[in-house]
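Take a look at the structure set out below.
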Amino acid sequence: MRISTQLGAHESPVAIIESIKGLFPDFQPDNQVEETSFPRENVWTQMHGHGGKMDFFFQVLREQRILDTGMDAMTMDSTENSTLFRLSRQAAIVGKVGFVLEGEATLGGHFDVLLELPNLISWIEKETHHEGRNHVPRTVGDGYGMEMDGTSREWND
């Protein structure tokens, strides 16, 4: 798993790392962005690193009861072996998952999560499984997921 985000000159690198660690406690940035006084030399700086295990993230999806949303949002921009999704930094700093859809702007910014794994789609389906899918089955690409703009599809009478 690879996590990346852009820091503006007005943002605290410490706060951004704390935000990411709200969902990925093992996150370690590859590049150290120094906390400097304003104004900074660079308007935008890229921060990236490895996120560690996904266990805590999936636990939060379960606690928030958004496993189906998670499956849909995590696989919107995916292939069989990789996916890229975006998460709100503002939600993450309080330990909540807030997916950011393509083209959306969020207060507080977002970070990108890139997952690469053989048979990734099957793994995501397994990790987001819940009891309700025994009664109403769901799979990635089944036509019942949310629309690209995040709206839900009415499909279950």
| message | Let me spell it out: the conditions are (1) at pLDDT 95 or above; (2) acidic (Asp, Glu); (3) in a loop (DSSP other than H, G, I, E, B), and GLU80 meets all of them except one. Which number is the exception? | response | (1)
| When you go through GLN90, GLN46, GLN59 one by one, which is the residue that is in contact with a Ser or Thr (Cβ under 9 Å, 6 or more places away or on another chain) and in a helix (DSSP H, G or I)? | GLN90
| task | With the condition kept exactly as written, say whether any residue in segment 105-114 is over 12 Å from the mean Cα position of the chain (by Cα), at pLDDT 85 or above and over 30 Å from GLN32 (Cα atoms). | result | no
| request: Confirm whether GLU131 is modelled with pLDDT under 95 and of a type in the set (Asp, Glu). | output: yes
| remark: Pairs returned, first residue in segment 54-79 that is in contact (Cβ under 8 Å) with a residue 12 or more places away in the chain, second residue that is surrounded by fewer than 16 Cβ atoms within 10 Å (Cβ to Cβ) and outside any helix (DSSP H, G or I), beta-carbon separation under 6 angstrom, 6 or more apart or interchain, are PHE56/PRO25; LEU67/HIS130
| Any chance segment 93-110 includes a residue that's buried (at least 19 other Cβ atoms within 10 Å of the Cβ), part of a helix (DSSP H, G or I) and free of Cβ contacts under 8 Å to residues at least 60 places away in the same chain? | no
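Tell me whether segment 41-60 contains one or more residues that are within 17 Å of VAL140 (Cβ to Cβ), crowded, with 18+ Cβ neighbours inside 10 Å and not charged (D, E, K, R).
Yes, segment 41-60 contains a residue that is within 17 Å of VAL140 (Cβ to Cβ), crowded, with 18+ Cβ neighbours inside 10 Å and not charged (D, E, K, R).
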| note | Within segment 1-56, of all residues that are within 17 Å of the chain's Cα centre (by Cα) and of a type in the set (Lys, Arg), the one modelled with the lowest pLDDT is LYS53
| query | Going by the structure shown, is LEU87 within 15 Å of ILE17 (Cβ to Cβ), surrounded by 14 or more Cβ atoms within 10 Å (Cβ to Cβ), within 13 Å of the chain's Cα centre (by Cα) and not acidic (Asp, Glu)? | reply | yes
| query | So which residues in segment 117-137 are among the polar types (S, T, N, Q) and either in a helix (DSSP H, G or I) or farther than 20 Å from GLN64 by Cβ (or both), if there are any at all? | reply | ASN119, SER122, ASN134
| query | From GLN46, GLN59, GLN6, GLN28, which residue is over 16 Å from ALA92 (Cα atoms) and polar (S, T, N, Q)? | reply | GLN46
| Of everything in segment 11-31 that's small (Gly, Ala, Ser) and part of a loop (DSSP other than H, G, I, E, B), which residue is surrounded by the most Cβ atoms within 10 Å (Cβ to Cβ)? | GLY22
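The values are calculated or read from the model by the stated rules, or taken from the named source; none is laboratory data. If you're wondering where the values come from, they're calculated on a predicted model, not measured in any experiment. Backbone-built Cβ (ideal geometry, glycine too); neighbour counts: all protein chains shown.
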